[in-house]
Each structure stands twice: as C-alpha cells, then as structure tokens.
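Scroll down for the structure; my scribbles are underneath it.
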Amino acid sequence: MWYFYATMPVQPVPNAKTQASSEYSRRIDRVIDYLRENLHRPVKLGELAHVACFSEFHFHRIFGAVSGETLNNFTNRLRLEKAARLLRYSEQSLTDIALDCGFSSSATFSRAFRSGYDTSPSQFRKSGEIKKSKICKELFPEEEYGLPMSAEEKRAAFPVRLIDIPERQVAYIRVTNAFELDRVLAVLKSVIEWAKSQDIFSQGILFGMTVDDPHVTPKHLYRYELCLASSFPFECMEGMSKLKMPAMRYAVIKVSGDIHTVATAWDYLYRDWLINSVHEPEHAPALEIFLDKENATDWSHFELELCLPVRKLAEMRSLNSGSRKSGMIEMKDNKRATA
C-alpha cells in the first residue's frame, strides 16, 4: 500500500476552531478590501489568492465557503453596486462609469446591469429605482449536484480523517475539456489497461486529480488527470507522463454513492470542515482515489476517497501564485500529453 493511515485526532476543539475560522475570515476580508480598491480593472485569481495567502488550487472554494458567494458573483455584485451609486450620484457618462467599474465597454456594462437589476443603466439614472434585483438572491442556492442535507447530517455521513501519504511515483494522462464524460472515461479505461499490462494494477493506486477549478476555468479548458501511483517500476506508454508527488498530509472523506453524494461530500469538506479546522490547503491538487478499481469506469456509483492536501494554519507561508512546483515535481523524460 503506497499510503498509510496515521492516527490523528480530528475531534472538535472549540478554541482552535474559533481561531481557525477567524483566520479564514481575516484573509477573505483582505481579499474583499482589495477587490473594492481595484474594481476598475480585471483582477486575476492568482492575484487574489496571493493576497489571501491561499493556494490557487483551492482559493475559489474557500472564498465561497467563507463569504457565501462565488468569487465571480461577488465581484460582479460589487461592480454593479458601485455603478448604481455612480449613476445616482454622479454625472459621469455611461462609458466612463462602465470603465470605472471594470467593464470592457458600455455595452457589456449595460447587459450586466440589466441582468442584475432587470432595468437599464439609463432607466435607473432617470428613475433612481430598482424594482427587481436578480442579484439579491439566496447566497447559497442549491448546487446542481448537491443533496439537501443539514450540516449535522453531513457531519455524520462524511467523517474526516487525516492521513500522511509518502512520496510516490505517478503515471498520468491529462484530459482537457474534461466536462465531456466520454473523454475522461476513455482515458481512464486506457490507464487501467496499461496498468494491467505492466502488472502493477493490483497493487497500484488509481486516482483522479483536479488541476483546475470548475467554477473558474472555462469548460473547454478544464483539465482532469487520470493517474496511477505504484511502488514498483513501470514504463509509460505513448501519450503518458510521469511525475513525482512529494510526501503530504491529506484530509480524507470516504464516499460510497452517486455523483450527488460525491458533490455533497466535497462541499462539506471545503465549506464546513476546512474553514472550521486548524488547517489550510496545501498548494497541490485534490485527489479522488478509486477504491473499487475494477469498476472505476462505472460512474453510476462511486467508491472513493476524497483527499484534500492540508497543513496547519500556523505553518502559513507566502505562496508563489501560478506555480505547481511545491505540489509536484515533473519528470523530464516524458512529455505531458493532452487527450
């Protein structure tokens, strides 16, 4: 087995959890202040993650967990609220207001304003009234795949444990446009067949690795890596690459169920457990380990371990945005491939 379970208590510690929650809030508050000061220009995800001292891999989910809104919705709301104030209390032209609020043109601004407030900027300037605001909606609308479970039900259904995983060699194939299920399943099947041909399937660990955030990355660019870790030597097939993943600690939830159960477990891990724990994410991707390898391509039912890389909050250090070096070391003898 390429990882071992460490007995690490994850029982609630009131004082520690309060401090952890406060630390998360302080960091997100810094991001909100930074956004307010820079609404006039596009702000990249890596820039905001750096302000918060969080990894880009996990920043978007953490922001949503703490603030109650996605980063995109929050930023758009701030821009529209600023625009509404300028329309009401200034004599700036629509074009100037659009640019001052970070929109590329007055046309883009008008579409966003109408979408958010169900009225045009010029109509609002004349009347000063917003009869219907589409952006004043429930902060946490039900996710497309989530189950309607209370926090207590999630806590009971998805106990979290901590494990230490040692350094390991990993073979992988990267899939782009990974929202297309057939592409992912075809690559997963290829990895399984390759592992069996190398006689490393039975002892190897089969897992998927999320490189991008599906809430941020455009669907056609979204990447998902199908991987197999082995303690025995192997030769990569054509189109496959190799990397070394360093020793790391993970917060883990075991999941048995359909895609709705998996989505709910991930949501709980980030939104409830993480921000109330004494941990923060490492700058490395989350993993989905397939426990039932023989049936890994049957996505009507999953047997998974969801693994979030973490470290103690006290170990916080500055992160270089956009770098994957602290999470992975890529081998030079194989080129990365796109499925």
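The values are calculated or read from the model by the stated rules, or taken from the named source; none is laboratory data. All values derive from a computational prediction rather than experimental measurement. Glycine also receives a Cβ, built like all others from the backbone with ideal geometry; neighbour counts cover every protein chain displayed. We work out accessible area using only protein heavy atoms, side chains counted, and drop any ligands, DNA or RNA first. Shrake-Rupley method; radii C 1.70, N 1.55, O 1.52, S 1.80 Å.
Quick notes
- Nearest-0.05 FRET efficiency for HIS40 and SER120, computed from C-beta distance (R0 22 Å): 0.50
- Segment THR297-SER190, length gained on full extension (0.36 nm per residue, minus Cα span): 37.5 nm
- Shape call, the range 207-276: gyration tensor on alpha carbons, a/c limit 1.5: prolate
- Computed with a 1.4 Å probe over protein heavy atoms only, the accessible area of MET149 comes to about 60 Å².
- Proximal aspartates and glutamates to LYS44, defined as alpha-carbon separation beneath 13 angstrom and excluding residues fewer than eight positions away on the same chain: GLU56
- Global geometry of the range 164-249, whether rounded, prolate or oblate, following the gyration tensor of its Cα atoms and the 1.5 cut on a/c: oblate
- The range 57-95 and the range 220-284: distance between their alpha carbon centers, rounded to Å: 31 Å
- Measuring between alpha carbons in the structure, the pairs from LYS189/LYS293; LYS154/LYS254; LYS254/LYS312; LYS196/LYS242; LYS82/LYS219 lying more than 19 angstrom apart are LYS254/LYS312; LYS82/LYS219.
- With DNA, RNA and ligands ignored, accessible area of HIS40 (1.4 Å probe; Å², nearest 10): 90 Å²
- Förster-model FRET efficiency, 41 Å R0, ASP258 and THR108, C-beta, rounded to 0.05: 0.55
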